[in-house]
1. Give me the compactness ratio for segment 107-216, meaning the Cα radius of gyration over 2.2 N^0.38 Å.
2. Rg and Dmax in Å for segment 54-183, alpha carbons only: what are they?
3. Given the options 233, 68, 257, state which has the largest fluctuation in a GNM of the chain using a 10 Å cut-off (strictly under) for Cα springs.
4. Between residue 78 and residue 226, 0.36 nm times their residue separation minus their Cα-Cα distance comes to what?
5. Give the relative contact order (percent, whole number) for segment 25-312; include only Cα pairs under 8 Å separated by 6+ residues.
6. Compute the FRET efficiency between residue 219 and residue 134 as 1/(1 + (r/R0)^6), taking r as their Cβ-Cβ distance and R0 = 35 Å, and round to the nearest 0.05.
7. Three principal axis extents, largest first, for the C-alpha atoms of segment 211-295, in Å?
8. For n ≥ 4 DSSP H runs only, could you compute -39500 (n - 2.57) per run for the chain, divide by its residues and tell me the 222 nm figure to the nearest 500?
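FYI, it's all coordinate maths here, none of it is from the lab. Because the structure is a prediction, the values reported are computed rather than measured. Neighbour counts run over all protein chains shown; Cβ positions are idealised from the backbone, glycine included.
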């Protein structure tokens, strides 16, 4: 195969890579990775296979979301250039591509551990209900950001924690550990819908922000972010985590200052431009924070030292 043929192949594949919107779910991957290293004794080959299965499932969710939203996205100035909305990929090809991604996910799960098929099915199904014309959870206030909290916060963490060779961790423990991720993803979803306010209102999509207003959305999101920040300290006072781990979290605080400044601007003026600037800051610094936390957990493997296991049984 000649070099020009390779470049032509890459140009053909680029819209299919773009439609997966990988940059939009990096925090989901970090949540998955945190769940994996926190509760599992990992085998490299097995973990890599499940990581790809999770990634294929997540990519299929984003493709399916754009398939359902293609008409509304076409009217949205910020989303009109997405591959399906802009016509780079036909709706039928997008649907086939999403199905192939799902199939690849479940083939890998079948080869590695069939028990993971249920949480991955729930993961895909929940996001399908979020985007599908019925019940279209994205158009139901409160249900919209709760779906995001569970689907982008809890489920990736739970799927990661469900990798085989667990250390005897039970579901209540996982729920407690994933709570900050749920709060953060719920708040992040509200911020996203503030940016889409005009387009959603014109399309008749009744998100929480469309129903109650952008100012109210910023207020609720700020309460969720604050709750996510305070949660480890509440666990510390309850005797659920070691002080060493809370001290480590405090070391990461300086990385949050740029995003806090952008959030202040958004609070003063909840417009699409400020949402875009805040999201860029969070992608730049927030993912770094999650990666550092992941490395910390990976090397300590005792992030929940001091947790009263007997209370969770």
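1. That ratio works out to 1.23.
2. 16.1, 50
3. Between 233, 68, 257, it is 257 that shows the largest mean-square fluctuation.
4. 50.4 nm
5. Relative contact order for segment 25-312 comes out at 22 percent.
6. 0.70
7. Projected onto the principal axes, the Cα atoms of segment 211-295 cover 40, 26, 17 Å.
8. Mean residue ellipticity at 222 nm (helix-derived): -22500 deg cm²/dmol.
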